[in-house]
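Below is one structure; the comments refer to it alone.
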Amino acid sequence: METEIPAMLLARQHIRPERFTFHSSRMRMKTVAKEELAAMDAQSDRCALELSDAAVDVMGYACLVAIMSMGPGYHRESQQRLRKCTAENGADTPVVTSAGALVDALEVIGAKRVVVVAPYMKPLTEMVVNYIREEGIDVVDYRALEIPDNLDVARHDPDNLPAIVASMDLSDIDAIVLSACVQMPSLPAVAKVEALTGKPVVTAAIATTYSMLKSLGLEPIVPGAGALLSGAY
């Protein structure tokens, strides 16, 4: 969230006039486990309130799995509750969750059958897969990289992703979710995977950027950030 989304919006500044500033408030979490994720989500109201003091124009809830581990459709409840927090502080602000953004992005590109790459342990990855399926999207194959430490997730080399995707069943899919996590780097591999597979590639960070730009009423286009941000949607 704090690296790839700013990188995309800064890249956009080379082709469009809008300029952006970035502000963050942190929910604590070290190990990507269900108990820590629930504790993390409980801190989201505080974070929304803190950021509303800055009167930002849009907020993004960064952790996809924290939302998805709370049960099907939870992103809608979270977004509504967090926006209420901002409104009560006199700064009614649209709230985007990476979980909701990913689901919405797949709908935008018309993807009904996808494959998913996630850094989480297998039980959490299965929760993510089931959450996406509950939204009417068929996950035909997935890879759980089983990286428990949140800092190690951030250290995962995106150059590994093309080979991981190549090991999956891509025969009858509409799109590839290259990183179902805003913590796991993927942006440098997006164009390569699209070129190798001929399929549109979406990541949690790309989907969140798209959703933020739409919330701001801006054209959702970023050079080098895959099909979703190509200007075609």
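The values are calculated or read from the model by the stated rules, or taken from the named source; none is laboratory data. Only a predicted model underlies this, so the values are computations on that prediction, with no experimental measurement involved. As a convention, Cβ positions derive from the backbone with ideal geometry for all residues, glycine included, and neighbour counts pool all protein chains shown. Accessible surface areas use protein heavy atoms only, side chains included; no ligands, DNA or RNA. Shrake-Rupley method; radii C 1.70, N 1.55, O 1.52, S 1.80 Å.
Per residue of the range 71-79, in order, report the coupling 6.51 cos²θ - 1.76 cosθ + 1.60 (Karplus, θ = phi - 60°) as ³J(HN,Hα) in whole Hz, putting x for Gly and Pro. Coupling constants for the range 71-79: x, x, x, 5, 4, 5, 4, 4, 4 Hz.
Using a 10 angstrom Cβ neighbour count of at most 14 plus a DSSP loop assignment to flag exposed trypsin sites (Lys or Arg not before Pro), which longest range of the chain is free of such sites? Don't jump to the answer; show the numbers that get you there.
Numbers: sites that count: R19, R26, R28, K30, K112.
The segment 113-233 is the longest one with no such site.
Per residue, the accessible area of the range 1-144 comes to 47 Å², computed with a 1.4 Å probe over protein heavy atoms only. For the cross-link pairs K34/K84; K34/K192; K192/K214; K84/K199; K84/K192; K34/K199, the ones whose C-alpha atoms lie over 30 Å apart are K34/K192; K84/K199; K84/K192; K34/K199. Taking the empirical scaling 2.2 N^0.38 Å for compact globular proteins as reference, the chain has a Cα radius of gyration ratio of 0.95. Rounded to the nearest 500, the 222 nm mean residue ellipticity of the chain from helices alone is -13000 deg cm²/dmol, with -39,500 (n - 2.57) taken per DSSP H run of at least 4 residues. Over all orientations, the range 135-233 has a Cα convex hull whose mean projected area works out to 7.0 square nanometres. Expressed as a whole percent, the accessible surface of the chain that belongs to carbon and sulfur atoms is 51, based on a 1.4 Å probe.
Once backbone amide H atoms are built at 1.01 Å from N, L145 has A118, Y120 as its partners under 5 Å, excluding neighbours fewer than 5 places away on the same chain.
For the range 1-56, just say rounded, prolate or oblate: build the C-alpha gyration tensor, square-root its eigenvalues into a ≥ b ≥ c, call rounded for a/c under 1.5, and beyond that prolate if a/b exceeds b/c, oblate if not. Judged from the Cα gyration tensor, the range 1-56 comes out oblate (a/c at least 1.5, b/c at or above a/b). Each part reduced to its alpha carbon centroid, the range 205-233 and the range 64-132 end up 17 Å apart. Counting only DSSP beta bridges whose two residues both lie in the chain, roughly 10 percent are antiparallel.
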